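The values are calculated or read from the model by the stated rules, or taken from the named source; none is laboratory data. Worth saying up front: this structure is predicted, and the values here are computed from it rather than measured. Here the Cβ positions follow ideal geometry from the backbone for every residue, glycine too, while neighbour counts run over all protein chains shown. Quick note on the areas: whole protein, heavy atoms, side chains included, nothing else; ligands and nucleic acids left out. Shrake-Rupley method; radii C 1.70, N 1.55, O 1.52, S 1.80 Å.
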Amino acid sequence: MKTIPPIRKNVPAGFSVFKAGENPEVFLYLESGELAALVKSNGKDKELFKIQPGELIGLPSLLEKQAFAYNIVATRDSSYLEIDEECLASTLKSTPVWLLAGIRQINQQIKKAKSASLNIKSTNVSKVLASFLYSKAKLRSVQNQTPIFENYNSLLKECAWISRIPFQVLKDELFSLERRKLVFIHQNELGIQEPLLLQALEEYLAYTERGKEFPPFHINLVEKRAVHCISRQGNISLESSEWLEKLKSNDKFATISEVNLLEKLGLLKKVESNTLTPDEEQIQKYLLCFEYEKEIKGNML
């Protein structure tokens, strides 16, 4: 099947790309210029966020048949690619199976992150903001982009619109996260050096809301040593008894209980051969929790 190329469009500043309520069943890849997402508020246009070159907009319109919830307007002379279902399908048919599997996994991760960021039932401002920023950083990560954002005000406006939390309240909370070294702010830029720290903060607050203990902060010294031990083993797959030998060589007090706990916490996961292999992301999150316990708890001097 012949590959159908996307349509390239060049539009001037002020051009209305899409209107709220429309469902063109396409998504856009911005090549140059700048687009803005706007909603009407008291008869005036209110900016939610901006789309910069190299970013996508409108994936739910194509993949989930969702109408745009906002207007898309070019704030500068812009050039973008418009990808419809026929174009996407023709491209995917020539895509290797392994790449399709990777795309599906990324799509699931984005949906999970998006679902978390859209949870507006919680009144915990820190939890909502941490979840939102983590989803944004995760999206950048799966697109192989650095989680550095040019204007944190645009991010906060989008979060305020989604969560219905006042902009100034979110801004105060963002500066609190900076004081705790969970994010970094330089002029208008926002950097998220360790996105997993924000996920850990969100999970810690969720556990606290339910009156439960957050596992990384309630394990003993032997168990901590076990986490550090498996973090140094790389991508290997071993039987439980072999993991026990690894742990005992690192700490003579280690027992099979530590192996069972590591599996229960998701730090070791079963693979097809019924052996256990380290979950690098989960391990990294635990290591960050050990290092940043005071910052996550907010117990800063």
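Please find, within the stretch 192-229, the residue that is surrounded by the most Cβ atoms within 10 Å (Cβ to Cβ) out of those that are over 29 Å from Leu244 (Cα atoms) and among the β-branched types (Val, Ile, Thr).
The residue in question is Ile192.
Do any residues in the stretch 253-268 that are touching a residue at least 12 places away in the same chain (Cβ under 8 Å) have Cβ atoms under 9 Å from those of residues that are open to solvent by 40 Å² or more (accessible area, probe 1.4 Å) and in a strand (DSSP E or B), where the two are at least six apart or on different chains, and which pairs are they?
Cβ pairs passing all conditions: Glu263/Lys269; Glu263/Lys270.
Condition first: in contact with a strand residue (DSSP E or B) (Cβ under 7 Å, 6 or more places away or on another chain) and of a type in the set (A, V, I, L, M, F, W, C). Now tell me which residues in the stretch 223-255 satisfy that.
Ile230, Ile236, Leu238, Trp243
Find the residue count for the stretch 217-233, including only residues that are free of Cβ contacts under 8 Å to residues at least 12 places away in the same chain and farther than 23 Å from Lys297 by Cβ.
1
What is the residue count in the stretch 141-153 for residues that are open to solvent by 30 Å² or more (accessible area, probe 1.4 Å), under 17 Å from His186 (Cβ atoms) and either not hydroxyl-bearing (Ser, Thr, Tyr) or not assigned by TED's automatic domain parsing to the domain that holds Leu201 (or both)?
Of the residues in that region, 4 qualify.
Please enumerate the residues belonging to the stretch 165-181 that are of a type in the set (Asp, Glu) and closer than 18 Å to Leu197 by Cα.
Applying the first criterion (of a type in the set (Asp, Glu)) to the stretch 165-181 yields 172-173, 178.
Residues satisfying the conditions are Glu173, Glu178.
I'd like the full set of residues that are open to solvent by 50 Å² or more (accessible area, probe 1.4 Å) and in a helix (DSSP H, G or I), limited to the stretch 242-272.
Across the stretch 242-272, the qualifying residues are Glu242, Glu245, Lys246, Lys248, Ser249, Asn250, Ile256, Ser257, Asn260, Glu263, Lys264.
So, Glu239, is that one without any contact (Cβ under 8 Å) to a residue 24 or more places away in the chain, surrounded by fewer than 16 Cβ atoms within 10 Å (Cβ to Cβ), farther than 23 Å from Ser135 by Cβ and among the acidic types (Asp, Glu) or not? Quick ask: steps written out before the conclusion?
Values: without any contact (Cβ under 8 Å) to a residue 24 or more places away in the chain: no; surrounded by fewer than 16 Cβ atoms within 10 Å (Cβ to Cβ): yes; farther than 23 Å from Ser135 by Cβ: yes; among the acidic types (Asp, Glu): yes.
For Glu239, the condition - without any contact (Cβ under 8 Å) to a residue 24 or more places away in the chain, surrounded by fewer than 16 Cβ atoms within 10 Å (Cβ to Cβ), farther than 23 Å from Ser135 by Cβ and among the acidic types (Asp, Glu) - is not met.
Collect the residues in the stretch 52-81 that are assigned to a strand (DSSP E or B) and modelled with pLDDT of 90 or more, keeping them in residue-number order.
Applying the first criterion (assigned to a strand (DSSP E or B)) to the stretch 52-81 yields 56-57, 71-74, 78-81.
Scanning the stretch 52-81 gives Ile72, Val73, Ala74, Ser78, Ser79, Tyr80, Leu81.
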